[in-house]
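Undergrad: Here it is, the structure, as structure tokens.
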Amino acid sequence: MNRTKLLFILAGISLFVLTTGLSYFLFSTFHSRSRLISPVGSPSPTPKKSRIDPALPRTEACPLNGAMFTVQEKDIWSTRRPLAVMIENHLDSRPLSGIGSADIIYEAVAEGGITRLMGVFYCGAAADNITLAPVRSARIYFTKLVPEYDALYNHVGGAGNCDDPTVDERAKALCFIRRNKIKDLDQFGLDFKTCHRVTNRLDREVAYEHTMACYTDELYKVAAKRKWDGWNFKFVPWKFKEDAAQKGSISPIKFQFWSNKPDYDVAWDYDSSTNSYLRIDGGVKTIDLNISEPVAAKNVVIQFVKETGPVDEHLHMLYEVTGTGKMLLF
């Protein structure tokens, strides 16, 4: 099997996962948000030297997406559990850091037609300490996907504590985390080494909210201290197969989340040399800043789900990501 990545897009026609909503990618448990200030630090780039031998054969299939890895990488991920991370996709925050190392990525509108990603990191993050940036806040429809993997969940705060009267009850992501005992790695409860503001990640000045970076090795160290290491979850993987010798007809993939937000229109261009799709975001090729390489996926899934909103003064959206419905698989 060739190395692969799965991308989900949640579209809504009032129904979403790639039309209005999603191109599917405790904070309150530890402290009061008002008492904490996000620390600022210098960049901590992903190490250039891998801890695995790239010459080793790739004989081990990733349970999340079927990609092939070395025994060394499997030995590392076998001591961990998947890590779901909220990564923003605001135009000013691009290029993003770390998404090229995700095994699965979900994408959906956060507010105002601006999409947000949730990367699920496991096998692809075993070889290096991955810089993840910019990390942003939780949204309920992403949060509801985390239990599917019994994953760790890294984010910067989020929509709605249980007692917040300004947030629609259906949109309270922080309340959902708490009530469902999700293995929460909210930045507000982590130390400086694990997550901090990096104001010079890009070659230009950006707004403060686009500067949070977290690091996979440090997140996993925190998880181990909380006894969240290892993964005994009864995850049922998809069925995978080798690339076909004959590719057949290739369908172009273009998706408009909201009609008035062209910077968030997504396309996937087929690359025959790798038999994969290269991501185009707002007309520009998507690059992972960590490795300066295009973001590619073997499979892209568009899920059509019901979209509701905005539902409160914060303009929160709702997408029904559980249950049954229609999808397109590329």
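Undergrad: Between residue 179 and residue 278, what is 0.36 nm times their sequence separation minus the Cα-Cα distance? Round to one decimal in nm.
TA: That works out to 31.8 nm of additional length.
Undergrad: Beta carbons within 10 angstrom, averaged per residue: use that to sort the peptides 275-281, 257-263, 52-58, highest first.
TA: Values: 275-281: 20.0, 257-263: 14.9, 52-58: 11.1.
Highest-to-lowest ranking by the protection proxy: 275-281, 257-263, 52-58.
Undergrad: Return the distance in nm (one decimal) between the two label points of a simple spin-label model at residue 235 and residue 169, each offset 7 Å from Cα along Cα→Cβ.
TA: Spacing of the two 7 Å Cα→Cβ label points: 3.4 nm.
Undergrad: Roughly how many debye, to the nearest 20, is the charge dipole of the chain about its Cα centre, given +1 on each Lys and Arg Cβ, -1 on each Asp and Glu Cβ, and no other charges?
TA: Numbers: 41 positive and 38 negative charges, 159 e Å.
For this selection, approximately 760 debye.
Undergrad: Please work out whether the chain counts as rounded, prolate or oblate from its C-alpha gyration tensor, where a ≥ b ≥ c are the square roots of the eigenvalues and a/c under 1.5 means rounded, while otherwise a/b larger than b/c means prolate and anything else oblate?
TA: Rounded, because the longest to shortest axis ratio a/c is under 1.5.
Undergrad: Right, next: Among 250, 282, 295, which residue has its Cα positioned farthest towards the positive end of the charge dipole of the range 238-330, with +1 placed on the Cβ of Lys and Arg, -1 on the Cβ of Asp and Glu, and the dipole taken about the Cα centre?
TA: So the residue we want is 250.
Undergrad: Residue separation times 0.36 nm, minus the C-alpha to C-alpha distance between residue 53 and residue 200: what's the value?
TA: The residue 53-residue 200 span can extend by a further 49.8 nm.
Undergrad: Give the residue from 189, 63, 98 lying farthest towards the positive end of the charge dipole for the chain; charges sit on Cβ (+1 for Lys and Arg, -1 for Asp and Glu) and the dipole is referred to the Cα centre.
TA: Toward the positive end, the furthest listed residue is 63.
Undergrad: Still on this structure, please answer the following. With an 8 Å cut-off on Cα pairs and a minimum separation of 6 or more residues, tell me the relative contact order of the range 231-330 in percent.
TA: It comes to 15 percent, rounded to a whole number.
Undergrad: Report, in deg cm²/dmol and to the nearest 500, the calculated mean residue ellipticity at 222 nm for the chain, where each DSSP H run with n ≥ 4 adds -39500 (n - 2.57) and the sum is divided by the residue count.
TA: That calculation yields -2500 deg cm²/dmol at 222 nm.
Undergrad: At 0.36 nm per residue, and after removing the present C-alpha to C-alpha distance, how many nm does the segment from residue 245 to residue 292 gain when stretched out fully?
TA: 14.0 nm is the gain from fully extending residue 245 to residue 292.
Undergrad: Compute, for the range 183-330, the length of the dipole vector about the Cα centre, with Cβ point charges of +1 (Lys, Arg) and -1 (Asp, Glu) only. Units Debye, rounded to 20.
TA: 620 debye
Undergrad: Still on this structure, I have one more. Once Lys and Arg get +1 and Asp and Glu get -1 on their Cβ, which of 122, 232, 210 lies farthest toward the positive end of the dipole of the chain?
TA: Positive-most Cα among the choices belongs to 232.
Undergrad: Provide the packing ranking of 285-294, 75-84, 95-104, i.e. peptides ordered by the mean count of other C-beta atoms within 10 Å per residue, highest first.
TA: 95-104, 75-84, 285-294
Undergrad: Okay, moving on. First measure r as the distance between the Cβ atoms of residue 72 and residue 313, then evaluate 1/(1 + (r/R0)^6) with R0 = 56 Å and state the FRET efficiency to the nearest 0.05. Let's see the in-between values first.
TA: Numbers: r = 50 Å, r/R0 = 0.90.
FRET efficiency, residue 72 to residue 313: 0.65.
Undergrad: Take the alpha carbon atoms of the range 181-228, find their center, do the same for the range 120-174, and report the distance between the two centers in whole angstrom.
TA: The two parts, judged by their Cα centres, are 12 Å apart.
Undergrad: Which pairs in the list 193/285; 239/285; 74/193; 181/326; 183/234 are over 21 Å apart, alpha-carbon to alpha-carbon?
TA: 193/285; 239/285; 74/193; 181/326, as the Cα separations exceed 21 Å there.
Each reported figure results from applying straightforward, stated rules to the coordinates on display, with no laboratory input. The shown structure was predicted, so the numbers you read here are calculated from the model rather than taken from an experiment. Here the Cβ is made from the backbone with ideal geometry for all residues, glycine too, and neighbour counts use every protein chain on show.
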